[in-house]
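The next block holds one structure in the form of structure tokens; read it before the comments.
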Amino acid sequence: MSKLKIAIQKSGRLYEDSLQLLKDCGIFVNNGKDQLKVSVDNFPMEIMYLRNSDIPQYLEDGVVDIAIVGENLLVEKQKNIQIIEKLGFSKCRVSIAVPKEVETDDLTYFQGKKIATSYPNTLRNFLEKKGVVSDIHVISGSVEIAPNIGLADGICDIVSSGSTLFKNGLRETVTLLKSEAVLAQTPQLSLEKTAILEKFLFRIKAVLKAKNSKYILMNVPNDKIQKVAGVLPVLKSPTVIPLAEEGWSSIHSVIDQERFWEVIDELKENGAQDILIIPIDKMVI
């Protein structure tokens, strides 16, 4: 039987979260020290630990079938690779930053000036669309020190919290793109491996849906059930269970994490009491 070959970073920002996602999907990895290729016993999958910058080329060439990789890297490498699922972790942005003493945020500040970056293709394409001509200096690491040593007037790099920029006397001005970890696939996937990928995707979506949702229970007077039910963004309809105390019921449902506090406030306003929130391990829809 074929095995689906998946690439993940052998080190770096995505490594731990990628392994955790596999674990949450019921795929347990017994990784020996310094192993670069590992088979999985309980799922038809083989894991390859690769250098981050090499993953897009391995995908395009069909050496690996799928990969967990940063969206920003795929944009930069400009390969023929399909993103099939956004994974919600390792969120960041590719941004331009200038020394904090520079007062303007206008991109025209860089007209004729130097920008240091590890993302030359992303930066070049962005500047061309904006009609700005700059001198791009490609640096493989420690981009943030370039203005301090007189190499460039600003930088273009990955930004997460912004703390690295602050420590180096820089501030963010323009965001080129927002990025997160994604599941990407080679254009050369066989029918047999496509079937395995669909099973893997089913598990991923169950995990991601659960992480973005909460199970909610509350007590509601019977004459307020319709109002409360109207607030709940449920999958189908809420579960209503009569309580021992006459005139009251317990309502069970699921709410999205993003709207959590907004929904809670509306539920209280419409008569819900004794609200309990429970995390969800998996959601199979």
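Here are the numbers for this structure:
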{"read-out": "Residues that are at pLDDT 90 or above and in contact with a helix residue (DSSP H, G or I) (Cβ under 9 Å, 6 or more places away or on another chain), drawn from the range 232-245", "value": "240, 242"}
{"read-out": "Boolean, residue 170 is farther than 19 Å from residue 101 by Cβ, open to solvent by less than 40 Å² (accessible area, probe 1.4 Å) and touching a strand residue (DSSP E or B) at 6+ places or on another chain (Cβ under 8 Å)", "value": "no"}
{"read-out": "Answer residue from the range 28-46, given it is out of contact with any helix residue (DSSP H, G or I) (no Cβ under 6 Å at 6 or more places or on another chain) and in contact (Cβ under 8 Å) with a residue 60 or more places away in the chain and is surrounded by the fewest Cβ atoms within 10 Å (Cβ to Cβ) among those", "value": "43"}
{"read-out": "Residue match in the range 205-221 (condition: open to solvent by 50 Å² or more (accessible area, probe 1.4 Å), over 30 Å from residue 241 (Cα atoms) and either at pLDDT 95 or above or not in a strand (DSSP E or B) (or both))", "value": "no"}
{"read-out": "Hits in the range 91-134 - residues which are more than 26 Å from residue 181 (Cα to Cα), part of a loop (DSSP other than H, G, I, E, B) and either open to solvent by 60 Å² or more (accessible area, probe 1.4 Å) or of a type in the set (Phe, Trp, Tyr) (or both)", "value": "100, 101, 103, 105, 106, 111, 112, 113, 133"}
{"read-out": "Answer residue from the range 1-25, given it is part of a loop (DSSP other than H, G, I, E, B) and either under 20 Å from the mean Cα position of the chain (by Cα) or at pLDDT below 90 (or both) and is surrounded by the most Cβ atoms within 10 Å (Cβ to Cβ) among those", "value": "14"}
{"read-out": "Matching residues in the range 232-285 - criterion: being out of contact with any strand residue (DSSP E or B) (no Cβ under 9 Å at 6 or more places or on another chain) and buried (at least 16 other Cβ atoms within 10 Å of the Cβ)", "value": "266"}
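The values are calculated or read from the model by the stated rules, or taken from the named source; none is laboratory data. From a predicted model like this one, the values you see are computed outputs, not experimental measurements. Methodologically, a virtual Cβ is constructed for each residue, glycine included, from the backbone with ideal geometry; neighbour enumeration extends over all protein chains shown. In case anyone asks, the SASA skips ligands and DNA or RNA and just uses the protein heavy atoms, side chains included. Shrake-Rupley method; radii C 1.70, N 1.55, O 1.52, S 1.80 Å.
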